[in-house]
1. Give me the 1.4 Å probe accessible area per residue for the stretch 79-131, excluding ligands and nucleic acids, in Å².
2. How big, in percent, is the set of alpha carbon pairs in the stretch 57-209 lying more than 25 Å apart?
3. Please report, in Å, the Rg and the Dmax of the stretch 147-189, where both are computed over Cα atoms only.
4. Remind me, relative contact order of the stretch 93-169 in percent, using alpha carbon pairs under 8 angstrom and six or more residues apart?
5. May I ask for the Kirkwood hydrodynamic radius of the stretch 119-181, worked out over all distinct Cα pairs and given in angstroms to one decimal?
Amino acid sequence: MMSSNKNNSFKPLAAAALAAVLLAACGSTPPAQFYTLAAAPAAGMQPAQGAPIFIEMLPVTVPERLARPQVVVRSDAARIDVLEQDRWSSPFNNELRDALAAGVAGRLGAIDISRSGRPPDQVSYRIAVELRDLDAVRNGQVQAGFGWTVTRSDDRKTAVCRLSVAEPVSGGAVGDVVVATQKVVARAAEAIAGNVRALQSGQAARCEG
């Protein structure tokens, strides 16, 4: 009888110990890291001067595999990794729209009216961007292809451009991939801002290719 009681009392203790081990294992999962495409203000950003410029950045179209909050990197020619613990602060398409809008507005000293609407009797520039492709490789590079249109509201003159760009990734950390991606987006914002300047002055827009 004593032996049977000992065995019976051992079972709850073993179950409790197993539960504690499982809880400890779950607690060891590293916390998620969050990143943004919005680069810190840098040289080239212009303060507003004279009559305000209004831009409207439409939602950005991205490949379906990238329309998620997780950072996506390429492992080899046939495989990509969706990094569950490394995430953008919002879904990537939203991050990209906000970063491009801020980058273009900052370079022009413009006002982003994407969420507020255009003031009456004011010229604005509507910008529609498509990210055609983006590949990010640790210790490699970030390559991206953009296409966009910029349309002036008063005379409907339009610039249609494409841009292929690559930036080296300085290391194997996810943060290195993020920095290179920020640089890619900054180059696209600079090119789009150039199109707005051209339309504003009545010149033909130049595309970098």
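1. Working: 2460 Å² over 53 residues.
Roughly 46 Å² per residue, with all protein chains present.
2. Working: 3564 of 11628 pairs.
Of the Cα pairs, 31 percent sit more than 25 Å apart.
3. 15.2, 48
4. On the way: 103 pairs, mean separation 17.8, N = 77.
Across the stretch 93-169, relative contact order equals 23 percent.
5. Taking the inverse mean of 1/r over all distinct Cα pairs, the stretch 119-181 comes out at 13.7 Å.
The values are calculated or read from the model by the stated rules, or taken from the named source; none is laboratory data. From a predicted model like this one, the values you see are computed outputs, not experimental measurements. Quick note on the areas: whole protein, heavy atoms, side chains included, nothing else; ligands and nucleic acids left out. Shrake-Rupley method; radii C 1.70, N 1.55, O 1.52, S 1.80 Å.
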